[in-house]
1. Any chance you could count how many residues in segment 298-350 are in contact with a Phe, Trp or Tyr (Cβ under 7 Å, 6 or more places away or on another chain) and more than 20 Å from Ser381 (Cα to Cα)?
2. If you scan segment 53-112, which residues turn out to be loosely packed, with under 15 Cβ neighbours inside 10 Å, part of a helix (DSSP H, G or I) and over 32 Å from the mean Cα position of the chain (by Cα)?
3. Those residues that are assigned to a loop (DSSP other than H, G, I, E, B) and either touching a Phe, Trp or Tyr at 6+ places or on another chain (Cβ under 9 Å) or closer than 30 Å to Thr51 by Cα (or both), I need them from segment 181-207; list them, please.
4. Could you say which residue among Ser346, Ser326, Ser264, Ser284 is within 30 Å of Ser110 (Cβ to Cβ), among the polar types (S, T, N, Q) and more than 21 Å from the chain's Cα centre (by Cα)?
5. Checking the structure you have, find out if any residue of segment 32-49 is open to solvent by 30 Å² or more (accessible area, probe 1.4 Å), at pLDDT 95 or above, under 23 Å from Gln315 (Cα atoms) and in contact with a helix residue (DSSP H, G or I) (Cβ under 9 Å, 6 or more places away or on another chain).
6. Give Val331, Val286 a once-over and let me know the one that is crowded, with 18+ Cβ neighbours inside 10 Å and closer than 25 Å to Leu411 by Cβ.
7. Regarding segment 189-207, can at least one residue be identified that is under 23 Å from Arg87 (Cα atoms) and either of a type in the set (S, T, N, Q) or open to solvent by 40 Å² or more (accessible area, probe 1.4 Å) (or both)?
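The values are calculated or read from the model by the stated rules, or taken from the named source; none is laboratory data. Quick caveat, the model's predicted, so the values are computed rather than measured. Using ideal geometry, Cβ is built from the backbone for each residue, glycine included, and neighbour counts are taken over all protein chains shown. Please note that ligands, DNA and RNA were not included when accessible areas were found on the heavy atoms of the full protein model with its side chains. Shrake-Rupley method; radii C 1.70, N 1.55, O 1.52, S 1.80 Å.
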Amino acid sequence: MSQRKTWQPAFIVWLMILLTAVGLAAPTVQAASNAPDIPIAARSGVVFDLTSGKILAAKDDKTAYPLASLTKIMSLYLIREAISHGRLQWDETVTPNAAEIKLSQDTALSNVPLASKPYTVKELYDAGWIYSANVAVMLLGNKLAGSQKAFIQEMQNHLHEWGIRDAAIYTTSGLNNSLIPESLRVADTPADGENKMSAADIGVVVRHLLTDYPAVLQDTAVVHRNFAVTATQNFAMTNWNALLTGNSLAQSDLPIDGLKTGTSDLAGQCLVATMPWRGRRLVSVVMHADGAATDNNKRFTATAALLRTVVQQWQPVTLTAKNTQSQRVKVTDGKQATVPLQLSQSVVGWQRNGILVTPVAAVPKKLSLTAPVTKGKQVASISLQNDALGYLPGVKQANVSLAPTKNVAELNVIERFFAWLGQLF
């Protein structure tokens, strides 16, 4: 006889117990909350676990704000993608025109100075990551797509595919349009147009970058490198991300190996940082860091404090059948009246300050099985709603899979008759 599901009201309570039972002393269920109770010293920000997309801290992370050179994360993703798909080769070259050379030599902007000579795609790509070189990224966009406008369209297409709808992209580098000569600006865009995106959506972009091209961390971790302006002239690049391991503000307890800075009048000081953590990887986004206008280190101070608080408070916990409790569920027409159910697949839970933050199960009200019951055969896959701060946009949350721990044979006709009599009397 096939199995069928009915539901017991107590099951939702049991599932919460099951998910909280991880060998801790009397773990407490923490209510779901969107309150930004981990302080973020910035206008907006988010911290998440790369693998799961689980958000561990957030502040106004759904509002689009100016992002300045954080734009280059998307731009350089497209270059890396083009390399992997054969649309570009690292040793292909680009020669800047007079207007691009002039803009590259503007010392008020982040640039490597360029000359009238060919530069390889790899040289320009490295300059984009290490020194946030604006014109270098503009040249890469033209090389790949034929124009700034076409490259921006490719950026927008990817963002839409990833579910990002409210981003505003006017430039490939993140510069405000007012800083770009009209001859190099995308036509029919605002004269003062500046790119905007939310912290959560920046997180989505970073997650795609690090998931699709994890080797990019070798590029983002570079602290110093020379850029060959000409055959006889080098420009010394030092990564603007001062928190990088080996850089000026590196923290011994925060092994940061990427990712990107951004600065503009409207965006303030921004930073995306990432580091390995408990066998996983953390990513933080800080937008418009708090602090005095004269404090050039405030984004690094804010990021270090934020990451340090997150790693002190949070811990991923793998829940399995071995470290969770089973719960007996009624069996209809079985030689046993009940059977224990347990997790049939592991699921990652999240512990905060010694308390397992319990997912809220979106389950029906009753569950029972009909004999015969097969040990280890999944009988329920329960979708989980947001636990605590939830997940990055578009991230599919984990399910809890349940299976019986024993076989239960079906009653024969005579046994079923006497069982029926027993119910009557």
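1. Number of matching residues: 3.
2. Scanning segment 53-112 gives Ala98, Ala99, Lys102.
3. Answer for segment 181-207, where residues must be assigned to a loop (DSSP other than H, G, I, E, B) and either touching a Phe, Trp or Tyr at 6+ places or on another chain (Cβ under 9 Å) or closer than 30 Å to Thr51 by Cα (or both): Arg185, Val186, Thr189, Pro190, Gly193, Glu194, Asn195.
4. Just a single option satisfies the conditions, and that option is Ser264.
5. Yes, some residue in segment 32-49 is open to solvent by 30 Å² or more (accessible area, probe 1.4 Å), at pLDDT 95 or above, under 23 Å from Gln315 (Cα atoms) and in contact with a helix residue (DSSP H, G or I) (Cβ under 9 Å, 6 or more places away or on another chain).
6. Details: Val286 fails: closer than 25 Å to Leu411 by Cβ.
The match here is Val331.
7. yes
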